1. Roughly what would the spin-label model give for Ile270 and Leu483, points 7 Å off Cα along C-beta, in nm?
2. By the scheme Lys and Arg +1, Asp and Glu -1, what is the net charge of all other residues having a beta-carbon under 13 Å from that of Leu493?
3. Once you charge only the Cβ atoms, +1 for Lys and Arg and -1 for Asp and Glu, what is the size of the charge dipole of the range 242-325 about its Cα centre, to the nearest 20 debye?
4. Calculate the spin-label point distance for Asn156 paired with Leu503, positioning each point 7 Å from the Cα along the beta-carbon direction, and give it in nanometres.
5. Listed here are the pairs Lys41/Lys472; Lys27/Lys311; Lys396/Lys472; Lys41/Lys458; which of them are more than 23 Å apart at the Cα?
6. Give the accessible area for Met494 in Å² (nearest 10); use a 1.4 Å probe, count only protein heavy atoms, and leave out ligands, DNA and RNA.
7. Taking 45 Å as R0, compute the FRET efficiency from the Cβ-Cβ separation of Ala454 and Arg361 and round it to 0.05.
8. How many percent of all Cα-Cα pairs in the range 156-301 sit more than 23 Å apart?
Amino acid sequence: MKTRFLLLFYIFISVATFSQSNTIELKGSVSFISSEHVYVKFVNTDGIRIGDTLFLSKNNRLEPALVVNEISSISCIGSTIGNKQLSITNNIIAKKRIEIPIEVIVQKSNESVAVNDLTIKKGSTDSLNRAHFDGRLSVSSYSNFSGDALSKNTPNYRLKYNLALNAEHISNSGLSFENYMSYTHTINNPLETFKDLKIYNLAFRYDFDKTSSLSFGRKINVNTANIGAVDGLQYEKKFNNITVGVLAGSRPNDSTYNIDPKLLQYGAFISHDILTERTSVQTSIAFFNQTNNLKTDRRYIYLQHSNSLLKNVDLFGSAEIDMYSVVKNVPTNRFDLTSMYLSLSYRPFNNLSLAMSYDARKNVYYYETYKNKIDSTLEKETRQGLRFRFNYRPFKYFSWGGNAGYRVNSPISSPSINAISYLTYSKLPLIDASLTVTGTTLRTANLSGYIYGASMTKDFGGNLSAELEYRKALIFAQDIAELSLSWRLNKSLMLSTNFEGTLEQGSVSGRVF
């Protein structure tokens with residue numbers, strides 16, 4: 001009964017009344033990420049206001065990602081909405097308000113598109129067959145230090161290389177190529193192999209015409225994004241606003257992410273899309289059959305829907321319904337809702353934004369992470385369940401926001417309650433900097449306590465940004481201090497550095513990124 005109710009609820013909220021909003025989209029990119037803020041660069045920030053919501057352009061939809069806390073002429077500083085995970089490869093969309101109809105010149109970005117950074121493509125159809133090449137290369141170093149005599153693994157030094165390439169319509173033909181891969185190298189590690197080379201996207205695509213294409217290689221399909229990468233063939237055919245496709249191949253190995261022929265899978269999808277400058281609607285349904293050693297391991301239906309039909313309202317939802325299971329060694333065909341995510345954001349006034357989400361997807365547990373203990377714990381304990389978020393700007397330079405979440409007890413998770421709130425004053429006298437104070441409370445079956453802190457950020461002319469932060473975690477009896485710098489040397493080159501020091505039970509450790 002509960003499953004049927006959730007399905008009906010999902011279908012019900014996917015229907016909305018058409019309404020147009022007077023906005024256009026400005027494209028920017030994430031330039032730096034600290035523990036509390038995200039820096040986004042634009043060609044210019046005209047039309048963006050403090051308190052606005054910035055969106056992650058992902059899988060042919062716009063997902064609320066950031067709330068603007070500060071603005072300069074070419075950049076914004078924002079705080080993430082909920083547990084949204086961003087990286088410096090992400091493209092960010094701002095919805096710029098239009099007071100009167102004007103002619104807008106769209107600035108095209110040369111940012112590369114990575115695995116989950118698939119953006120909404122807009123423009124003249126005359127340029128679809130023109131050759132275009134772009135890419136992004138980043139080199140990062142992670143260094144860990146510890147004053148604890150019992151720690152045998154420090155200091156250690158790691159280098160991480162990320163490469164993203166896009167070659168569209170090579171030699172003005174129908175052939176295109178896309179690639180995104182990462183390699184982590186530990187210095188002075190004699191046992192290291194190339195197993196740390198992760199290829200997330202490596203595929204060729206051939207466009208027979210403007211309506212049909214065939215892809216070969218490893219690729220995430222934007223119409224079935226949550227299913228993950230497919231190693232094999234993908235064919236798509238468009239009929240006006242409808243796209244149909246078939247996928248066949250294998251899924252990557254769970255532990256190594258290498259090609260695994262034993263994990264064969266195949267499926268098909270149908271998608272309906274409406275993309276304009278004023279609104280976007282996307283709905284897709286897919287069927288997949290996954291095998292293990294050529295035996296059916298899972299058979300399920302995947303549903304996905306997003307829209308911005310109502311003015312100042314954005315909706316996204318996805319669900320997975322399993323159709324096959326083995327009970328006491330007997331295969332059984334039955335419908336079982338195994339995964340669900342719903343997100344609804346609403347902006348009733350220019351200075352107030354609200355959002356609510358429900359997350360019943362499986363949680364991810366990392367055996368290794370670059371996050372500190374506080375951030376990794378909060379990410380794990382606060383993602384699932386019901387969550388409410390808000391941001392309110394009662395007067396100029398001042399904003400108040402936060403979120404509260406509740407997760408019920410289930411066979412795969414323990415109950416938890418969490419709340420986070422922050423106050424930001426974005427224009428301190430004399431130094432022209434921003435000050436943010438935060439407070440967090442977390443209560444789970446195993447943890448209970450508070451985290452509070454403060455951070456100060458300053459933008460030096462739009463190209464150089466700095467942040468100083470201090471946090472005290474009563475949950476783990478930790479004190480954390482952090483200093484971050486970000487310097488955009490020119491349009492295509494950026495340098496950033498971050499130092500984090502942790503004091504815990506008399507032991508001092510540090511990390512440099």
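The values are calculated or read from the model by the stated rules, or taken from the named source; none is laboratory data. This structure is a prediction, so every number in the text was calculated from the model and none was measured. Here the Cβ is made from the backbone with ideal geometry for all residues, glycine too, and neighbour counts use every protein chain on show. The area values use the complete protein model at the heavy-atom level, side chains included, leaving out ligands, DNA and RNA. Shrake-Rupley method; radii C 1.70, N 1.55, O 1.52, S 1.80 Å.
1. The two pseudo-label positions are separated by 6.1 nm.
2. +4
3. 140 debye
4. In this crude label model, Leu503 to Asn156 measures out at 2.7 nm.
5. Lys41/Lys472; Lys396/Lys472
6. Looks like 60 Å² after rounding.
7. Once the sixth-power term is evaluated, E becomes 0.85.
8. Distances greater than 23 Å cover 47 percent of the Cα pairs.
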